[in-house]
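The values are calculated or read from the model by the stated rules, or taken from the named source; none is laboratory data. Everything numeric in this text was worked out from a predicted model, so none of it was measured. Cβ placement follows ideal geometry from the backbone for every residue including glycine, while neighbour counts extend to all protein chains displayed. These area figures cover heavy atoms from the full protein model, side chains too; ligands, DNA and RNA do not enter into them. Shrake-Rupley method; radii C 1.70, N 1.55, O 1.52, S 1.80 Å.
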Amino acid sequence: MNKVFLVIQREYLTRVRKKSFLVMTILGPLLLGGIFVSTFLLDKVDTETKAILVIDETKGFGEKFKSNERIQFINSSLSFDSARVECKRKNYFGILYIPGNSSNTINLEKAITLYSGSQPGFEVISKIKFTVEKEINTQKYIQAGIDEKKLSAIKTDVDIRTRDLENKETSNPLTTALGFGGGLLIYLFIFIYGAMVMRGVLEEKTNRIVEVIISSVRPFQLMMGKIIGVALVGLTQFLLWVVLTTVVYSSVSAFMLQGKTDKEKIEMMMKSRPGMNPEMLGKSVDINSDGQVPAKLTAIMETINFPVLIGMFIFYFLGGYLLYSALFAAIGAAVDSETDTQQFMLPVTIPLILAYIVSISVINNPQGNVAFWFSIIPFTSPIVMMVRIPFGVHWSQLLLSAVLLILGFIFTTWMAAKIYRTGILMYGKKVSYKELFKWLRYNS
């Protein structure tokens, strides 16, 4: 056991002291902070105003198009051909042509055309579409003799509130984001740090360093020490990312959103979403008249058991990593070059990819049979169960999943140890699946 600890210590300290580890640990949170800042800075830098000539032959849309800091609508009485010349001469972005020969609005809504020298962005199309649809609907109400105000009063916007059996407020979007985000992080970490184990084994084998190490350490001890050492490196980096990201995000938020109300903060966030018009904001966010977000969000956050969520994340992160890293270590020991690993990587990565795909459907039905079985099978449970946990999972299912994951780790470690023990000192031979099965049948 002491030798395993020495290997763990060597793997951990060697990797933590590398410049690449320090750079990525610091650079990761800074990049996230940079992305957050860029959503505001790019909005200020992008000050180009697109001028659009509006030729409205119906005479009904002239004043309906409202200009803003990015799009300027210019009403024109010119003919289309004259407008094209004017557009090129004054370097306008384009021409919005609304024909007046349509017999009714049904034809009109399919006849409006935007002519431009370059492909228009989503913001331009969205603003024009929103304005035109609103005006055409108003015209249809008038033609049908419908009072638009009465119709608006009749329309019902149903808001389904969700509560648990203890009458506490819950939120489907929040639980979905937490579950899917946790599953995605585990998916990425298993790939990143599992591949790190494989490359470490392969590097030592290629450089013949392993021949010296094996003289004093058993192959199984070396493999376990390497797996656990890299796991601790990954856990250390993740915890540092959490702390540094929190500090960076808090600092950037305090600086960028200083002195603004909750409503203004949300409006600034909404600007980064494509096609989000001010008219849509009121429908998207529930804001009080004083500009403050209600205590509803705080109440929802209190229903999430974050200690359990974080604890299970760490368990499934370590469990999934240990299960797969043993297989990655076996692949590294079986081959002589990184190119040869490709044929053995596919069977190992297919369950991970399948778990990620299944997790998308699990969000729609977290208590269904598909969600249950994929959260129990050890090869998919680290990702799928992490997606399910925020939605609420019975303790018996959690216990069964955890026990099977531990047994799965023991099984893959046993299987990988047999391949590792034989392959770590074998050079110059192309290994096939048939050869691997022979190694698995060797006696210890």
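Restricted to segment 5-21, and to residues there that are surrounded by fewer than 13 Cβ atoms within 10 Å (Cβ to Cβ) and of a type outside the set (D, E, K, R), the residue that is modelled with the lowest pLDDT is 20.
The rows are residues; the columns are (1) more than 18 Å from residue 63 (Cα to Cα); (2) outside any helix (DSSP H, G or I); (3) in contact with a strand residue (DSSP E or B) (Cβ under 7 Å, 6 or more places away or on another chain).
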{"position": "88", "(1), (2), (3)": "yes, no, no"}
{"position": "95", "(1), (2), (3)": "no, yes, yes"}
{"position": "124", "(1), (2), (3)": "no, no, yes"}
{"position": "129", "(1), (2), (3)": "no, no, no"}
{"position": "141", "(1), (2), (3)": "yes, no, no"}
{"position": "153", "(1), (2), (3)": "yes, no, no"}
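One line per residue, one yes/no per condition, for (1) part of a helix (DSSP H, G or I); (2) acidic (Asp, Glu); (3) open to solvent by 30 Å² or more (accessible area, probe 1.4 Å); (4) farther than 21 Å from residue 387 by Cα:
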position: 310; (1), (2), (3), (4): yes, no, yes, no
position: 313; (1), (2), (3), (4): yes, no, no, no
position: 316; (1), (2), (3), (4): yes, no, no, no
position: 320; (1), (2), (3), (4): yes, no, no, no
position: 328; (1), (2), (3), (4): yes, no, no, yes
position: 331; (1), (2), (3), (4): yes, no, no, yes
position: 345; (1), (2), (3), (4): yes, no, yes, yes
position: 349; (1), (2), (3), (4): yes, no, no, no
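Could you check segment 74-90 and list, in sequence order, the residues that are among the acidic types (Asp, Glu) and open to solvent by 70 Å² or more (accessible area, probe 1.4 Å)? Across segment 74-90, the qualifying residue is only 81. Would you pick out the residues in segment 214-229 that are open to solvent by 10 Å² or more (accessible area, probe 1.4 Å) and in contact (Cβ under 8 Å) with a residue 24 or more places away in the chain? Correct list: 214, 216, 217, 218, 219, 220, 221, 224, 228. In summary, residue 421 fulfils each of the numbered conditions (1) under 23 Å from residue 351 (Cα atoms); (2) touching a residue at least 24 places away in the same chain (Cβ under 8 Å) with the single exception of condition (1). Scanning segment 101-111 for residues being open to solvent by less than 40 Å² (accessible area, probe 1.4 Å) and at pLDDT 70 or above gives a total of 2. Here the helices (runs of 4 or more DSSP H) wholly within segment 202-279 that include at least 3 residues being modelled with pLDDT of 70 or more are 209-214, 219-256. Scanning segment 196-209 for residues that are in contact (Cβ under 8 Å) with a residue 24 or more places away in the chain and surrounded by 20 or more Cβ atoms within 10 Å (Cβ to Cβ) yields a count of 6.
Look at segment 231-254: where a residue is over 16 Å from residue 310 (Cβ atoms) and a partner is of a type in the set (D, E, K, R) and modelled with pLDDT under 85, sitting 6+ places away or on another chain with Cβ atoms under 6 Å, you get 233/15. The residue of segment 361-386 that is surrounded by the most Cβ atoms within 10 Å (Cβ to Cβ), among those that are of a type outside the set (A, V, I, L, M, F, W, C) and closer than 23 Å to residue 321 by Cα, is 382.
Taking residue 419, is it in a helix (DSSP H, G or I), surrounded by 15 or more Cβ atoms within 10 Å (Cβ to Cβ) and either touching a strand residue (DSSP E or B) at 6+ places or on another chain (Cβ under 6 Å) or of a type in the set (Val, Ile, Thr) (or both)? Yes. Exactly one residue among 47, 25, 58, 39 is in contact with a helix residue (DSSP H, G or I) (Cβ under 6 Å, 6 or more places away or on another chain) and either hydroxyl-bearing (Ser, Thr, Tyr) or modelled with pLDDT of 80 or more (or both), and that residue is 25.
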